[in-house]
Amino acid sequence: MISIIPISNTPQRKRAHPKGHPLDQSALAQIQALLGKQPRRRDLLIEHLHKIQDEFSCLSTAHLNALAFEMKLSQAEVYEVASFYHHFDIVKEGEAAPAAVTVRVCSSLSCRMQGAQEMLDKLPAILGANVRILSAPCIGRCAQAPALLVGQQAVPRATAEKVLQAMAGKPSLENDVTAIGYRQYRAAGGYTQLANCHAGHISREQLFQRMEDAGLRGLGGAGFPAGRKWRLVAAEPAPRLMAVNIDEGEPGTFKDRHYLERDPHRFLEGMLIAARAVEVAEIYIYLRDEYHDCHRLLTQEIGKLQATPPLPHLPAIHLRRGAGAYICGEESAMIESIEGKRGMPRLRPPYVAQQGLFGRPTLEHNFETLYWVRDLLERGADWYTGQGRHGRHGLRSFSVSGRVNNPGVHLAPAGITLRELIAEYCGGMQDGHQLYAYLPGGASGGILPAALGDIPLDFDTLQAHGGFIGSAAIIVLSQQDSAVAAARNMMAFFRDESCGQCTPCRVGTAKALSLIQAEQWDIPLLQELCAVMRDASICGLGQAAPNPVECVVRYFPHELGSTGSVA
C-alpha cells in the first residue's frame, strides 16, 4: 500500500542569505568598491575574477561569494568558472594565501631543452620561501628559452640574475620592442584600405573575391579558407558578431605576439575590414593572459583608434583576457570563455558561423589571418600567390625554436623545406648539433625525423607522414635530444590541458602518459588507445594528442629498443 503524505500548508521561512556560504559584508563592500560602476553581466565574470586576483593576489571564498551575490549568480557557478582556469588561485576558509609573487617557469619542450628544469631546481634557494615557484605550460617565448614570468613580467633567456632583477621591478631590455602607434600608422597610409571599403571603392563581393583569389587560409592551425568563411557568415541573419583568437597556447608558437608587439594597427585594420565585409555589430578580441604587455598595448591603441576613428560608426571592440587554458584556443571553447563560462568545446553542429557568441552567427579568426588582409588589398592576390616554393603558394610565418642559431619568427615562402628554412633563415644548426628530428606544428603536429626534412612545409603536405603544419610552430631537435622525451613532454602537456569534458581525452591523455613513461612500451595497447582518442574525442586536443606517440613508434623505434624498452 502506498502512503500519501499531505503537503503542509505552513509557509516556508525565507532564507536569511543566499544558498551556500554566508555572505561576508566586509568582502561585499570590497567587491562593490573594486567593480565600481562596471556592469555585472554574466559575460564579464572572468574579467571581474581577474580584477579580484590582481587586487588581492588570490580569490578568497568570501570574495567569490560576494561576487556571486553582486552578479546575481549562484556560488557554484562562480566557483566552477574560477576553478577551471590555471591563473586563478582559490583560497578556501582556513587556508593560507599564496605568496604575493608567483614565478611561472615554462616547462614546455623548447624551454626544457634550454635548461628550464635546472632553473626550477635552483630558484627556491635563490628566491626564498616567500615566492611561489610553479612549473607552467608554454608562455609563448620559445625563441627566448628558457623563459619565465615573474608575476606578469616576462623574463626571456632567464638566468638567476635576470630573475632577481625582475623581482626588483627592473624590466628586461629584451622585452623593449617599439610598436608602430596609431598616429605613425595613419601617417604611413594606414586605414586607407578600410576607408576605401567604407567609400564603396571596394565592394563586399570584391573583398570576398580577393581573399579567395589569394587563397588566404586560417593561420591559427585549422587552415579554413578565409574568403569562404566570410561568405558563410555574411549569409547568416544579422546581428552578426566577430571573435578574434590571440590565445596561441600551442607549445612552440609565438608569431601572433611577435607581430602584435610591433604593428598592432595592421591587425586592427584587417579586423575592421573583415568586420565590414561581413557587417558585424561587435568585435571581441580574446588575448592570452601571459601576454600582459600586449594587453596594455592593445588597450592603449584601441583607445586611440576609438577616440579619433578613421571613419564613423566603427563596431564596438571588446578586449577580453584569457586566464590560462590552452583549450580556449579551440574556437568554441574560446567563445564559451568570452561568455564568462568554463572554456569547454561545444558539440557541432551548429557551427560557430551559424550560432556562436551569445547564440549569434560569428566570424572567428586567428590574429595572423587578419594581419595580412591590408597587404592583400594593397598588393593584390597575385603578389601573395606569387610567393612560395615546391609548388606551394603564399607566405608562412614560422615560429622556430630549438637547436638553431637564429630562433624566432621567420616569414618565408610557403612550401619551403625544413632544411632550407634552417639554412636560409635560422643561421644553421647550433655548433655541435646535427638535425635529428623536428616538430612541424607544435605539440599537436607530430615528431618527424631528419630524413623527412625535405618535405614542403605547408597545409596538406605532412598528413601522409603523420604530422601537420598547424600554426607553423617548428621545434628543431638534434642528436643530443630524444624523441621519446619530447613525446612525454607533449603528452604531459595534453593531460594537464584537457578540459575534462570527454572521457577519451580526459582519461586517454593520462593513460597514454603513464604508458609511455614505462621502461617498456605496450605498443599494441598504445595503438588501440590512440585510435580511440582520435576517433571519439570532442575536439582537436584529444584528436591530435596521439600524434607524438604514434610518430615515435613509426620513426624512432631505435629509441625504444627491439623489445620496447627506452634506450
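How about region 435-467: which of its residues are touching a helix residue (DSSP H, G or I) at 6+ places or on another chain (Cβ under 8 Å), part of a loop (DSSP other than H, G, I, E, B) and not hydroxyl-bearing (Ser, Thr, Tyr)?
Gly445, Gly446, Ile447, Gly453, Asp454, Ile455, Leu457, Gly466, Gly467
Cβ contacts < 8 Å: first residue among the aromatic types (Phe, Trp, Tyr), restricted to region 264-279; second residue open to solvent by 10 Å² or more (accessible area, probe 1.4 Å), any location; separation 6+ or different chain. Result?
From region 264-279, the pairs are Phe267/Tyr259; Phe267/Tyr371.
Just wondering, is there one or more residues in region 224-236 that are at pLDDT below 95, not aromatic (Phe, Trp, Tyr) and not in a loop (DSSP other than H, G, I, E, B)?
Within region 224-236 (the criterion being at pLDDT below 95, not aromatic (Phe, Trp, Tyr) and not in a loop (DSSP other than H, G, I, E, B)), the answer is no, since none of the residues qualifies.
Return the only residue of Ala243, Ala235, Ala222 being within 22 Å of Arg320 (Cβ to Cβ) and open to solvent by 20 Å² or more (accessible area, probe 1.4 Å).
Matching residue, one of Ala243, Ala235, Ala222: Ala222.
In region 168-184, what count of residues is obtained for those that are at pLDDT below 95 and either under 20 Å from Asp89 (Cβ atoms) or among the polar types (S, T, N, Q) (or both)? Outline the logic, then answer.
Going residue by residue through region 168-184, those that are at pLDDT below 95 are 168-178.
Among the residues that remain, those that are also either under 20 Å from Asp89 (Cβ atoms) or among the polar types (S, T, N, Q) (or both) are: 172, 175, 178.
Of the residues in region 168-184, 3 are at pLDDT below 95 and either under 20 Å from Asp89 (Cβ atoms) or among the polar types (S, T, N, Q) (or both).
Go through region 289-303 and give me each residue that's of a type outside the set (Val, Ile, Thr), within 23 Å of Glu279 (Cα to Cα) and crowded, with 16+ Cβ neighbours inside 10 Å.
Within region 289-303, Leu298, Glu301 qualify.
List pairs: first residue in region 201-228 and over 30 Å from Gly445 (Cβ atoms) and charged (D, E, K, R), second residue in a strand (DSSP E or B) and open to solvent by 70 Å² or more (accessible area, probe 1.4 Å) anywhere in the structure, Cβ distance under 6 angstrom, at least six positions apart or on different chains.
So the pair list comes out empty.
Being open to solvent by less than 70 Å² (accessible area, probe 1.4 Å) and closer than 30 Å to Ile126 by Cα: is that true of Glu174 here?
yes
Enumerate the helices (runs of 4 or more DSSP H) found wholly within region 129-216, keeping only those where 2 or more residues are farther than 29 Å from Pro413 by Cβ and either touching a Phe, Trp or Tyr at 6+ places or on another chain (Cβ under 7 Å) or of a type in the set (Gly, Ala, Ser) (or both).
On the way: elements: 160-167, 182-187, 192-199, 204-214.
Output list reads 160-167, 192-199.
Sort out for me the helices (runs of 4 or more DSSP H) sitting completely within region 29-88 that have 2 or more residues that are out of contact with any helix residue (DSSP H, G or I) (no Cβ under 7 Å at 6 or more places or on another chain).
So the answer is 45-56, 75-82.
Looking at Ala536, Ala492, Ala464 in this structure, which one is surrounded by 17 or more Cβ atoms within 10 Å (Cβ to Cβ), within 30 Å of Asn366 (Cα to Cα) and of a type in the set (Gly, Ala, Ser)?
Values: Ala536 fails: surrounded by 17 or more Cβ atoms within 10 Å (Cβ to Cβ); Ala464 fails: surrounded by 17 or more Cβ atoms within 10 Å (Cβ to Cβ).
When all the criteria are applied, what remains is Ala492.
How many of the residues in region 356-379 are free of Cβ contacts under 8 Å to residues at least 24 places away in the same chain and of a type outside the set (D, E, K, R)?
1
Would you confirm, using the coordinates I've provided, whether Val280 is closer than 18 Å to Val373 by Cα, open to solvent by 10 Å² or more (accessible area, probe 1.4 Å), β-branched (Val, Ile, Thr) and touching a strand residue (DSSP E or B) at 6+ places or on another chain (Cβ under 9 Å)?
yes
Note down all Cβ pairs under 7 Å where the first residue falls in region 328-345 and is among the hydroxyl-bearing types (Ser, Thr, Tyr), the second is assigned to a helix (DSSP H, G or I), and they're at least six residues apart or on different chains.
Close Cβ pairs satisfying both conditions: Ser337/Ile46; Ser337/Cys328.
Mind counting the residues in region 336-382 that are among the hydrophobic types (A, V, I, L, M, F, W, C) and over 21 Å from Gly190 (Cα atoms)? Let's see the steps before the verdict.
First pass over region 336-382, keeping only residues among the hydrophobic types (A, V, I, L, M, F, W, C): 338, 344, 347, 352-353, 357-358, 363, 367, 370, 372-373, 376-377, 381.
Checking which are over 21 Å from Gly190 (Cα atoms) leaves us with 338, 344, 347, 352-353, 357-358, 363.
Total satisfying the criteria: 8.
Within region 334-378, track down each residue that is more than 15 Å from Trp230 (Cα to Cα) and among the small types (Gly, Ala, Ser).
Selection gives Ser337, Gly340, Gly343, Gly359.
Please go through region 32-78 and pick out each residue that is among the β-branched types (Val, Ile, Thr) and within 27 Å of the chain's Cα centre (by Cα). Reasoning before the result, please.
In the first step, residues of region 32-78 are kept if they are among the β-branched types (Val, Ile, Thr); the result is 46, 52, 61, 78.
Result: Ile46, Ile52, Val78.
Here are the criteria: (1) under 26 Å from Ala544 (Cα atoms); (2) out of contact with any His (no Cβ under 8 Å at 6 or more places or on another chain); (3) buried (at least 24 other Cβ atoms within 10 Å of the Cβ). Tell me which single one His258 does not satisfy.
All conditions are met except number (3).
Applying the selection to region 91-104, what residues are surrounded by 17 or more Cβ atoms within 10 Å (Cβ to Cβ) and β-branched (Val, Ile, Thr)?
Val91, Thr102, Val103
The values are calculated or read from the model by the stated rules, or taken from the named source; none is laboratory data. Note that the structure is predicted; figures quoted are calculated from it, not measured. No Cβ is skipped: glycine too gets one built from the backbone with ideal geometry, and neighbour counts run over all protein chains shown. Note: accessible area is taken over every heavy atom of the protein model, side chains too, but ligands, DNA and RNA are not part of it. Shrake-Rupley method; radii C 1.70, N 1.55, O 1.52, S 1.80 Å.
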